[in-house]
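Trainee: Got a structure here, written out as structure tokens. Questions coming.
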Amino acid sequence: MRALLATLCLLLACPAAAQPLEHEVKAAFLFRFLPYVEWPQQSFEAPGAPLTIGVLGAPHIEDELRHIIPGRTVHGRPVVLRQLKEGESARGLHVLFVGRAASERVRAVTRLAPWQPLLVVSESPGALEQGAVVNFLVADGRVGFEIALDEAERRALRISSRMLGVAVRVRPPNS
Amino acid sequence: MRRTLCALAAAACAGAAHAATLAANLADLSLEQLSNIVVSTVSGREEPLSSAPASIYVITGNDIRRSGALSLPEALRLAPNLQVARVDANQWAISARGFNNVLANRLLILIDGRTVYTPLFAGTFWEAQDVLLEDVERIEVISGPGATLWGANAVNGVINVITKSAAATQGALVSLGAGDDQRDIAARYGGEAGGIHYRVYAKARDRDGLRLPGGASIADASRFAQGGFRADWQRSGDAFTLQADLHDGDIDAGRDFAAANVLGRWTRALGEGASLRTQAYFERTTRDHHRTFRETLDTYDLDLQHNLRRMGRHRLVWGFGLRYYRDRVQNFPEAGLAFLPAHRDLERHHLFVQDEIALTPTLDLTLGAKLESNSYTGTEFLPNVRLAWRATPTQFFWGALSRAVRAPSRIDREFFTPAVAGGPAFRSEVSDVLEIGYRAQPAPRLSLSVTGFLHEHERLASVLVPPVPATFTNQRDGRTSGVEAWASWRPRDWARFDAGIVRLHQALRIPPGTVDLAAGLFERDPRQWWKLRAAFDLGERTDLDVMVRHYGALPNNVPDYTALDLRLGWRAMRNVELSLLVQNLLDRGHVEWSPGAELERTAYIKLRIDL
């Protein structure tokens, strides 16, 4: 028994590469979507104005994004993260991630700002029907995503075909 | 011990920096690369708090693989809220919240929506229930009366075994295992044709018999084989599933059994979160207890559930189910027992409605009512009320008040021996249950759950004298109370610890002036049990899991015991895994049940190949 404890002692001190967690992969995905999405010019006050990501109801993904964004730029702009509270408006955001804890808010949020060029990303089944633009799905241990292209178009967002190609499902415009 | 603690502290400081590096590295991958990453299923514990107002523990497919479980009951050991006792090579006594016996009749067990229990005893013959464990998506273990959605006989809990969809089990899988007491072989092939995903599987097992503590052989060596298929397809908002299984087993001690079932399910998304699910299945089981009885049971079941879209504050679900049993028993007079009448057709139907009301954005009130009718006692009314409060994003409180019923089975009413007989007046056992629970995620890598419960029982099954001859009556009552608690901590990405404890207190009463002939027959429950599990990822290829459990003494002279199981898994190549499982590492032998086998230290090696 003591030999077993000693071995564990040695092992505990040495971190090993393990499989990432679901929220780590989703945060990475979210960041990697940004170069493939085009916002209309009026969404930004100035050429160097930051791209703002709001997160509602997803503390773990928020933490991951905080580790990712320092020192990185998207479309030549710095990226800024903002935690959204219940009831707070999405004004000034370019991306909004609605986490599972706030999944019932997807419809309310998308209704409050129906025309804002806002990339609404969620992670609950059926969120595309609630107005989200991108929704994460986990199947067979892998994180995938589906895109509502009609919703993106309605919000004047252009999504590169490169990103559409990797999506598990794309809801086409005029559906 | 001190050195271990020092190492842990040092590792804790390194942890924060390590996490930051991992996140940044993932963000350098391309979309295609991110799509291919298999995420650790341990993450199931780290997600936002479940808001189910019930005491529920989910055993994931990955937990099952890492535990080395060789059968469904062994997989159920992982649930802290279940009391799992191995009786002999093939039989198990499994229950939640007390009243455990070999045919625990207060648990509802479902495999992919198919109820797995016999109306002969209103219990489950665990020796005949099996699934290809590699294809299990998860097992939901709910202790306490299942909510309205489940029915009578879900008095103490519900075990819901859910297999993966056919789309998630594509390709071939071969698994071979051999150990001191058991040898297994299993294979599965999954493919896709014309938009339909399917899989076929087959498995076979050969087990040695075990011995009683004195050394006497139980003569329960057994052989078992099972096979089946599943097909899923989708078309716009409709999803269809068809599955079938058949199995055949025999046990040297004089039991043979076989079964075949076919099940179809259709789910339709109705838009705006509404859905309709219809399911129908047929099962034929045969059981032959040599020179004691033979039974053929046909089950026909139709089930419908309609989830309505949210209307204002309300989310309604309603449904109904129709079930017919055709039970044909052949009695053997020399056995000294008989089911009379030998042939019996039974019905069990239900209708339920449930309303989940959002009183405030963080407070939900669920009102549910179920009407169940059965061939013995007519209609039973099962109401329940649940309150769910998400106090903060990481703290959740819930409470529930329910009425649960265990309807009579054939053995309660129609079973005759010279000494004891089923009673024609046997009624349903009733339990009124109060539960309070708390679930929290105090830190990102730590989650915990605590539930307190109080069950007030009435009309419990009893066999009392006087009068003579004794019959099954409903003259006991009493109370079960206790606490269930468990926690999961993942201090590192490669180390996880799970702990669970249950304390149980039963106080049952018989009327004055009677003697309980069945003392200890209907239930054998310890005062407490606890379970610990440590899971380590040692490098990219190796898994180590250490599982310890302790059960208190059982009332009929089964001493308390502690058992340690260990599994080491090694991914020799990307799709080849070799594993070694050692059970009862510390023991030379212990019993978990009486009368029951002595369980000794055993080793088992398994090879799994995914093609």
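The values are calculated or read from the model by the stated rules, or taken from the named source; none is laboratory data. Predicted, not measured: the structure shown is a model, and the values here were computed from it. Positions of Cβ are generated from backbone atoms using ideal geometry, with glycine treated the same way; all protein chains shown enter the neighbour counts.
Trainee: Is it the case, given these coordinates, that B:Ile357 is closer than 30 Å to A:Ala108 by Cα, of a type in the set (Val, Ile, Thr) and not in a loop (DSSP other than H, G, I, E, B)? It would help to see each step written out before you state the result.
Mentor: Details: closer than 30 Å to A:Ala108 by Cα: yes; of a type in the set (Val, Ile, Thr): yes; not in a loop (DSSP other than H, G, I, E, B): yes.
So B:Ile357 fits the description; yes.
Trainee: On to the next question. Give me a count of the residues in segment B:252-275 that are surrounded by fewer than 17 Cβ atoms within 10 Å (Cβ to Cβ), over 25 Å from the mean Cα position of the chain (by Cα) and within 22 Å of B:Leu242 (Cα to Cα).
Mentor: Selection size over segment B:252-275: 2.
Trainee: Separate question: Can you name the residue in segment A:63-84 that is more than 9 Å from chain B (Cβ to nearest Cβ) and more than 17 Å from A:Arg32 (Cβ to Cβ) and, of all such residues, is modelled with the lowest pLDDT?
Mentor: Filtering first and then ranking leaves A:Leu84.
Trainee: Also, quick follow-up: Look through A:Leu96, A:Leu128 and report the one residue that is touching a residue at least 24 places away in the same chain (Cβ under 8 Å) and part of a helix (DSSP H, G or I).
Mentor: Working: A:Leu96 fails: part of a helix (DSSP H, G or I).
Answer to the selection: A:Leu128.
Trainee: Could you pull out the residue among A:Val121, A:Val74 that is hydrophobic (A, V, I, L, M, F, W, C), in contact (Cβ under 8 Å) with a residue 24 or more places away in the chain, touching a Phe, Trp or Tyr at 6+ places or on another chain (Cβ under 9 Å) and surrounded by fewer than 23 Cβ atoms within 10 Å (Cβ to Cβ)?
Mentor: Of A:Val121, A:Val74, the one residue that is hydrophobic (A, V, I, L, M, F, W, C), in contact (Cβ under 8 Å) with a residue 24 or more places away in the chain, touching a Phe, Trp or Tyr at 6+ places or on another chain (Cβ under 9 Å) and surrounded by fewer than 23 Cβ atoms within 10 Å (Cβ to Cβ) is A:Val74.
Trainee: A further question follows. Tally up the residues in segment B:82-104 that are modelled with pLDDT under 95 and part of a loop (DSSP other than H, G, I, E, B), please.
Mentor: Residues in segment B:82-104 being modelled with pLDDT under 95 and part of a loop (DSSP other than H, G, I, E, B): 14 in total.
Trainee: Taking strands (runs of 3 or more DSSP E) that fall entirely within segment B:221-294, which contain at least 3 residues that are farther than 21 Å from B:Ala186 by Cβ and modelled with pLDDT of 90 or more? Steps first, answer last, please.
Mentor: Values: elements: B:222-235, B:238-251, B:255-271, B:274-289.
Passing ranges, in order: B:238-251, B:255-271, B:274-289.
Trainee: Whether any residue in segment B:525-534 is more than 14 Å from chain A (Cβ to nearest Cβ), touching a residue at least 60 places away in the same chain (Cβ under 8 Å), within 30 Å of B:Val582 (Cα to Cα) and not in a strand (DSSP E or B) is what I want to check.
Mentor: Yes - at least one qualifying residue is present in segment B:525-534.
Trainee: What number of residues within segment B:475-497 satisfy the criterion of being buried (at least 21 other Cβ atoms within 10 Å of the Cβ) and modelled with pLDDT of 95 or more?
Mentor: 2
Trainee: On to the next question. Could we say that A:Phe44 is more than 7 Å from chain B (Cβ to nearest Cβ) and at pLDDT 85 or above here?
Mentor: Working: more than 7 Å from chain B (Cβ to nearest Cβ): yes; at pLDDT 85 or above: yes.
Yes, satisfied.
Trainee: Okay, moving on. Answer with yes or no whether B:Ser51 is surrounded by fewer than 20 Cβ atoms within 10 Å (Cβ to Cβ), within 14 Å of another protein chain (Cβ to nearest Cβ), modelled with pLDDT under 90 and in a loop (DSSP other than H, G, I, E, B).
Mentor: Values: surrounded by fewer than 20 Cβ atoms within 10 Å (Cβ to Cβ): yes; within 14 Å of another protein chain (Cβ to nearest Cβ): yes; modelled with pLDDT under 90: yes; in a loop (DSSP other than H, G, I, E, B): yes.
When the stated conditions are applied, B:Ser51 passes them.
Trainee: Can you tell me which residue among B:Leu297, B:Leu302 is of a type in the set (A, V, I, L, M), in a strand (DSSP E or B), within 30 Å of B:Thr417 (Cα to Cα) and under 23 Å from the mean Cα position of the chain (by Cα)?
Mentor: Working: B:Leu302 fails: within 30 Å of B:Thr417 (Cα to Cα).
Going through B:Leu297, B:Leu302 in turn, just one is of a type in the set (A, V, I, L, M), in a strand (DSSP E or B), within 30 Å of B:Thr417 (Cα to Cα) and under 23 Å from the mean Cα position of the chain (by Cα): B:Leu297.
Trainee: Do you know which residues across segment B:591-605 are within 20 Å of B:Asp180 (Cα to Cα) and surrounded by fewer than 20 Cβ atoms within 10 Å (Cβ to Cβ)?
Mentor: Of the residues in segment B:591-605, the ones within 20 Å of B:Asp180 (Cα to Cα) are B:591-592, B:596-605.
Those that are within 20 Å of B:Asp180 (Cα to Cα) and surrounded by fewer than 20 Cβ atoms within 10 Å (Cβ to Cβ): B:Glu598, B:Glu600, B:Arg601, B:Thr602, B:Ala603, B:Ile605.
Here is a yes/no grid of residues against (1) within 14 Å of chain A (Cβ to nearest Cβ); (2) assigned to a helix (DSSP H, G or I):
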| site | (1), (2) |
| --- | --- |
| B:His349 | no, no |
| B:Val353 | no, no |
| B:Tyr376 | no, no |
| B:Pro383 | no, no |
| B:Arg390 | yes, no |
| B:Phe396 | yes, no |
| B:Asp412 | no, yes |
| B:Pro424 | no, no |
| B:Asp432 | no, no |
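Trainee: Right, here's the next one. Do we have any residue at all in segment B:500-522 that's among the hydroxyl-bearing types (Ser, Thr, Tyr) and away from chain A (no Cβ under 14 Å)?
Mentor: Step one: list which residues in segment B:500-522 are among the hydroxyl-bearing types (Ser, Thr, Tyr), which gives B:514.
Retained after the next criterion (residues that are away from chain A (no Cβ under 14 Å)): B:514.
Within segment B:500-522, one or more residues are among the hydroxyl-bearing types (Ser, Thr, Tyr) and away from chain A (no Cβ under 14 Å).
Trainee: Residue under question is B:Glu356, and the condition is that it be out of contact with any Pro (no Cβ under 8 Å at 6 or more places or on another chain), surrounded by fewer than 18 Cβ atoms within 10 Å (Cβ to Cβ) and among the acidic types (Asp, Glu); does it hold?
Mentor: no
Trainee: Exactly one condition in (1) of a type outside the set (Asp, Glu); (2) in a strand (DSSP E or B); (3) crowded, with 23+ Cβ neighbours inside 10 Å; (4) out of contact with any His (no Cβ under 7 Å at 6 or more places or on another chain) is not met by B:Pro408; state its number.
Mentor: (2)
Trainee: Okay, next question. When you scan segment A:98-121, how many residues do you find that are within 23 Å of A:Pro35 (Cβ to Cβ) and away from chain B (no Cβ under 13 Å)?
Mentor: Count: 6.
Trainee: Would you check which residues across segment A:123-170 are at pLDDT below 85 and either among the hydroxyl-bearing types (Ser, Thr, Tyr) or touching a helix residue (DSSP H, G or I) at 6+ places or on another chain (Cβ under 7 Å) (or both) and list them?
Mentor: Answer for segment A:123-170, where residues must be at pLDDT below 85 and either among the hydroxyl-bearing types (Ser, Thr, Tyr) or touching a helix residue (DSSP H, G or I) at 6+ places or on another chain (Cβ under 7 Å) (or both): A:Ser124, A:Ala127, A:Gln130, A:Val138, A:Ala139, A:Asp140, A:Gly141, A:Arg142.
Trainee: Is at least one residue of segment A:161-170 closer than 19 Å to A:Val55 by Cα and in contact (Cβ under 8 Å) with a residue 40 or more places away in the chain?
Mentor: Quick first cut of segment A:161-170, residues closer than 19 Å to A:Val55 by Cα only: none.
Within segment A:161-170, none of the residues are closer than 19 Å to A:Val55 by Cα and in contact (Cβ under 8 Å) with a residue 40 or more places away in the chain.
Trainee: A further question follows. Pairs only if they're at least six apart or on different chains, beta carbon under 6 angstrom, first in segment B:536-561 and at the interface with chain A (Cβ under 10 Å from one of its Cβ atoms) and without any contact (Cβ under 8 Å) to a residue 24 or more places away in the chain, second surrounded by 17 or more Cβ atoms within 10 Å (Cβ to Cβ) and of a type in the set (D, E, K, R); list them, first residue then second.
Mentor: Close Cβ pairs satisfying both conditions: none exist.
Trainee: Determine which member of the set B:Phe472, B:Phe426, B:Phe453 is within 22 Å of B:Arg97 (Cα to Cα), buried (at least 17 other Cβ atoms within 10 Å of the Cβ) and of a type in the set (Phe, Trp, Tyr).
Mentor: On the way: B:Phe472 fails: within 22 Å of B:Arg97 (Cα to Cα); B:Phe426 fails: within 22 Å of B:Arg97 (Cα to Cα).
When all the criteria are applied, what remains is B:Phe453.
Trainee: Among the numbered criteria (1) over 17 Å from B:Thr241 (Cα atoms); (2) small (Gly, Ala, Ser); (3) over 24 Å from the mean Cα position of the chain (by Cα), which single criterion is violated by B:Gly321?
Mentor: All conditions are met except number (3).
Trainee: Turning to a different aspect of this structure: Please go through (1) away from chain A (no Cβ under 14 Å); (2) more than 30 Å from B:Pro53 (Cα to Cα); (3) of a type in the set (Val, Ile, Thr) for B:Thr169 and return the number of the only condition it doesn't satisfy.
Mentor: The number of the failed condition is (1).
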